[in-house]
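Taking it in order: structure first as structure tokens, then the write-up.
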Amino acid sequence: MLPTPTPHPYSIPFPAHNLSITESFVARLFDEAGIPAFIWAEPAISILGYPAESIFSGWIIPDPHLPHATTLLLQSHFPLCGDIRGCKTHKATSWCPVPDAHFHAAGAGRVNILNLYAKSRLFGSFPDPPLGRPHPRDEYYMVTSDSRIPTAEEFFRGWTVSSRGRQSERLYPVKMLRGGRYVEGVVRLRLRLRGRRVQGGEGEEEEGLVMGEFERWGRELDWLGRMCVDERNGGLGFEDIEEPFRGFVRGRVELGVEEGEGVVGERDELGLEVLRERLMWRDRVLEALGRGVS
């Protein structure tokens with residue numbers, strides 16, 4: 001049971017009609033409460049040039065902090081939805097996994113949706129982000145206002161009309177995964193979903209959800225791969241992705257060029273199996289060296 005919310009010392013009107021302001025407010029709220037958090041999904045990678053159409057605010061929260069994060073948002077007058085799966089507003093972002101907490105204003109547009117997701121479900125192998133601004137050489141995290149990210153105007157001139165681009169330095173810093181790590185996270189998600197498919201034993205409805213999510217992340221991976229190939233997009237390149245994930249994504253792009261878009265057939269399955277074996281071998285080596293698995 002969540003405690004009865006009490007007013008927070010500062011708050012913003014919700015819904016807010018500016019996603020960047022909402023994200024900056026929430027980032028400050030969580031940092032000051034000692035909750036390591038970062039944004040993800042299309043609103044995050046749209047900052048790197050992904051042509052996002054669905055705009056909401058999605059946050060990854062380490063599992064032990066989820067109750068506290070939910071309470072803080074309630075205290076700041078974010079309306080919590082009590083029926084996530086049946087919620088029509090959630091269906092606007094139903095391509096994403098069902099969130100662990102779902103906030104929205106009645107009849108709100110997509111910009112007025114805020115979701116919290118348990119980190120173990122999506123990026124469990126990654127370390128938690130630091131509180132506040134990450135170091136510029138942090139291997140996993142960056143801020144949405146990082147000077148290396150092109151602006152929306154730069155994306156518009158060379159790449160796409162619908163990317164958010166670099167965010168304002170005047171706002172409180174918002175954390176996100178580095179582009180290469182985000183790609184790695186999507187590949188790891190597909191590996192996990194593939195494992196569930198191979199293992200089987202789930203109900204028909206659940207199997208359908210797993211397959212739908214598996215294919216959805218495949219489509220996103222195709223887009224991320226095209227972003228790496230197109231030199232007009234300065235937000236993400238193959239050099240940002242570590243091996244063995246780089247080779248997998250590059251091979252997927254080449255396969256798509258050769259055989260058409262949306263490749264999810266036998267060769268994609270083979271590529272995932274080869275990647276799984278390479279990761280197992282790498283993890284054994286790292287464990288033997290006493291470095292652990294990253």
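The values are calculated or read from the model by the stated rules, or taken from the named source; none is laboratory data. None of these values were measured; they are calculated from a predicted model. Here Cβ is always computed from backbone atoms with ideal geometry, including for glycine, and neighbour counts include all displayed protein chains.
Based on this model, can you work out whether SER76 counts as at pLDDT 75 or above and not acidic (Asp, Glu)? Yes, satisfied. Taken together, the criteria exclude GLY235 from residues that are among the small types (Gly, Ala, Ser), modelled with pLDDT of 85 or more and in contact with a helix residue (DSSP H, G or I) (Cβ under 6 Å, 6 or more places away or on another chain). Count of segment 131-177 residues, restricted to those that are in contact with a Phe, Trp or Tyr (Cβ under 7 Å, 6 or more places away or on another chain) and modelled with pLDDT of 90 or more, is 6.
Quick one: in segment 238-252, of everything that is assigned to a helix (DSSP H, G or I), at pLDDT 80 or above and not aromatic (Phe, Trp, Tyr), which residue is nearest to SER163 (Cα to Cα)?
The residue in question is ASP240.
In the set (1) surrounded by 14 or more Cβ atoms within 10 Å (Cβ to Cβ); (2) among the aliphatic types (A, V, I, L, M); (3) at pLDDT below 85, the condition left unmet by LEU2 is number (1).
Of everything listed in (1) farther than 23 Å from GLY124 by Cβ; (2) at pLDDT 80 or above; (3) in a loop (DSSP other than H, G, I, E, B), the single unmet condition for PRO36 is (1).
Could you list, in sequence order, all residues of segment 40-71 that are at pLDDT 95 or above and either among the aliphatic types (A, V, I, L, M) or more than 22 Å from PRO129 (Cβ to Cβ) (or both)? Of everything in segment 40-71, those that are at pLDDT 95 or above and either among the aliphatic types (A, V, I, L, M) or more than 22 Å from PRO129 (Cβ to Cβ) (or both) turn out to be ILE60, ILE61, LEU66, ALA69.
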